[in-house]
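Report on the structure given below.
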Amino acid sequence: MHVFDQDGVTLLAMLIGMPPVEGTVRELIQAALRDTDADGPLRWHVISLLRQRGDLESFIEARRLCAADTVEERLLGVDIMGMLRPFVDRTLPVLRYLAASEDDAMVLYSVLIAFGHLADPRSLPSVIDLARHYDARVRYGAAYALQHVLGEPPDRAGLETLRTLAADSDADVAGWASLGVSLRSAL
C-alpha cells in the first residue's frame, strides 16, 4: 500500500479511532477537520494528499476555507495553501489579505509558515509587518518565513527585520531568527 493512497487515509483514520475517509477533496477536508489537533496525524496526512494532488479543486477548496467563519477552517485552508506551490500566484493574494486582516495568532502563524514554504519574495512586506506582532508565535512564524522570502540578493529591510528578531525577548523567536541570520551570512 502506498502511503498516500485512499486506503492509507482510511487506515490511518481507523487507527486513530475515526471513521473511514472518502476520496473527494471536500470529503478529505471534512476528515481533516475532524482531527481537532492542529498537528494531528490525520489532518497532516490529508494535507499531504492534497499537496500530492496539487490540482485546482484542492486550491479552490483551500481558498474557500480561508474565508470561513471558524478558526479551524481558516487554519486548515492556510495550511493547505502553503503546500500548493503550483498556485502561488493565486495563493499569495489570499495569504496577504489574511496577514493584514486576521486576528487569530495561530492563523497568522500558519500564514507565515505558508509564506516560508512558498518562498516567494512578494510576501516579504507582509512578513515584515507581522514580525512586529505582539504574540511570540506570530513573530516566530515571521522569523521562519523571513529567511525564505528575502530574495536574491537579500532585501535589506528583510535582513534588518531578521536581525531585530534575533534579539527578540522570546528565546524561541530569537533562536530561529539567529539561525536565519547565520544561514544568510554564510551564503
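In the chain, the longest principal axis of the Cα atoms and the axis of helix 88-101 are about 70 degrees apart. Restricting the calculation to alpha carbons of the stretch 54-186 gives Rg and Dmax of 14.2, 43 angstrom. Near the amide H of ASP155, within less than 5 Å, lie no amide hydrogens of residues on another chain or at least 5 residues away, with H placed in the peptide plane.
Computed over the stretch 25-100, the alpha-carbon pair-distance distribution with 5 angstrom bins reads 3, 18, 32, 26, 16, 5, 0, each value a whole percent.
Here the chain is assigned +1 on the Cβ of each Lys and Arg and -1 on the Cβ of each Asp and Glu. Its dipole about the Cα centre then comes out at about 520 debye.
The value of relative contact order for the chain, using C-alpha pairs under 8 Å at least six residues apart, is 12 percent.
State whether the stretch 81-144 is rounded, prolate or oblate according to the following rule on the C-alpha gyration tensor (a ≥ b ≥ c being the square roots of its eigenvalues): a/c under 1.5 gives rounded; otherwise a/b larger than b/c gives prolate, and the remaining case gives oblate. Could the numbers behind the result be given before it?
Working: a/c = 1.78, a/b = 1.65, b/c = 1.08.
In terms of gyration-tensor shape, prolate.
Taking Cα centroids, how far is the stretch 113-187 from the stretch 39-92 in Å? Cα centroid to Cα centroid, the span is 23 Å.
Available extension along the chain between ARG163 and THR70 is 30.0 nm, counting 0.36 nm per residue and deducting the alpha carbon span. From helices alone, the chain scores -21500 deg cm²/dmol at 222 nm; the rule is -39500 (n - 2.57) for each run of n ≥ 4 DSSP H residues, then divide by the residue total.
For the chain, the longest principal axis of the Cα atoms and the long axis of helix 71-81 meet at an angle of about 80 degrees. Taking each residue as 0.36 nm, the span from ARG34 to GLN52 lengthens on full extension beyond its C-alpha to C-alpha distance by 4.4 nm.
The numbers here are math on the coordinates, done by the rules we state, and not lab data. As the structure is a prediction and not an experimental result, all values here were calculated from the model. Glycine gets a Cβ as well: all are built from the backbone with ideal geometry, and neighbour counts include every protein chain shown.
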